Amino acid sequence: MKTRAIALALLLGLAPLSVAAAEAGDAVFAERGPWDLGDRALEWRMTVEGPAAEGFRPTDDGSLTLSQAIDPNDQQPILQMTQKAGPIDRTIGPFPISSGDPVLTFFLEQTTRDMAALTGGSPHYIRNRMKEALFRGGEIATTDDGVTARFQPFAADANAARMNGFQSLTLTFVMAQPDQPIRELRAETDAAPGYRNRLVLQ
């Protein structure tokens with residue numbers, strides 16, 4: 001996995017990775033497919049907190065469910081997600097069972113949209129900076145309970161002064177094992193009133 005992360009970083013034109021950064025990115029983007037959920041469903045509790053702003057939607061007690069279904073077009077298994085949060089009740093997908101982690105993709109995109117709404121920044125710029133951080137700026141810690149990877153995408157960003165506290169954004173991923181579903185995905189800032197986007201596997 002380490003070689004794959006380094007190769008991808010080079011393709012993206014990023015600076016050479018340290019071993020720790022490569023391991024952190026590898027842990028988050030580990031191959032979790034092919035998924036075989038059968039009749040099981042995995043559910044994450046969803047909480048989104050932050051200051052009032054146009055286009056930003058806080059969530060007190062939402063959920064994101066990952067399940068397996070059958071594609072009616074070719075009768076092959078697929079993955080789909082169901083998001084429930086206040087008035088929102090929608091199905092997202094389909095995703096191939098051999099793909100990466102759709103919950104991780106959802107979480108990163110949610111954080112990107114929220115940050116753009118709360119700062120007025122460009123989603124494209126935010127998305128690219130987070131992508132870079134996930135492949136070259138992380139820290140990883142291993143305990144008896146599993147693996148935790150942390151990233152600070154905007155800590156040294158040239159536009160930090162205009163980020164309304166998001167220069168302190170920390171992305172945290174808690175995993176029992178890298179090839180298993182991520183137990184907790186968390187994005188949070190230090191500055192008041194602060195922002196937090198949290199998914200916790202039930």
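Using Cα centres only, tell me the gap between segment 176-195 and segment 28-56 in whole Å.
Comparing the Cα centres of segment 176-195 and segment 28-56, I get a distance of 11 Å.
Just need the relative contact order of the chain here, percent rounded to a whole number, with Cα pairs under 8 Å and 6+ apart.
Computed over the chain, the figure is 23 percent.
Which order do you get for SER63, SER98 if you rank them by accessible area with a 1.4 Å probe, largest at the top?
Reading off the accessible areas and sorting them downward yields SER98, SER63.
Divide, for segment 58-123, the radius of gyration over alpha carbons by 2.2 N^0.38 Å, where N is the residue count.
The reported ratio for this selection is 1.31.
Using a Förster distance of 25 Å, how high is the FRET efficiency between ARG196 and LYS131, based on the Cβ-Cβ distance and rounded to 0.05?
Calculated value: 0.75.
From the Cα gyration tensor of segment 126-184, with a ≥ b ≥ c the square roots of its eigenvalues, which class applies: rounded if a/c is under 1.5, or else prolate if a/b is larger than b/c, or else oblate?
The shape class here is prolate.
Show me, for segment 22-30, the HN-Hα J-couplings you get by feeding each phi into the Karplus relation (A = 6.51, B = -1.76, C = 1.60, θ = phi - 60°), rounded to Hz, glycine and proline as x.
Couplings: 4, 5, 5, x, 4, 5, 6, 9, 4 Hz.
Would you indicate which of (i) 0.96; (ii) 0.93; (iii) 1.01 is the value of Rg/Rh (Cα atoms, Kirkwood Rh) derived from the coordinates of this structure?
It is the one labelled (i).
Using the Karplus curve 6.51 cos²θ - 1.76 cosθ + 1.60 with θ = phi - 60°, work out ³J(HN,Hα) for each residue of segment 94-102 in order, rounded to whole Hz, and write x for Gly and Pro.
With the stated coefficients, segment 94-102 comes to x, 10, x, 5, 8, 7, x, 9, x Hz.
So what does ARG136 come to for accessible area, using a 1.4 Å probe and Å² rounded to 10?
100 Å²
So, counting K/R as plus one and D/E as minus one, what does the shell of residues with Cβ under 12 Å around GLY121 add up to?
Result for the local shell: +2.
Just to be sure I understand: with springs between alpha-carbon atoms less than 10 Å apart, which residue in ALA24, ALA156, ALA133 has the highest mean-square fluctuation in the Gaussian network model of the chain?
Looking only at ALA24, ALA156, ALA133, the largest GNM fluctuation is found for ALA156.
The values are calculated or read from the model by the stated rules, or taken from the named source; none is laboratory data. From a predicted model like this one, the values you see are computed outputs, not experimental measurements. When we count neighbours, we look across all protein chains shown, and the Cβ atoms used for this are built from the backbone with ideal geometry, even at glycine. These accessible areas exclude ligands, DNA and RNA; they are computed on the full protein's heavy atoms, side chains included. Shrake-Rupley method; radii C 1.70, N 1.55, O 1.52, S 1.80 Å.
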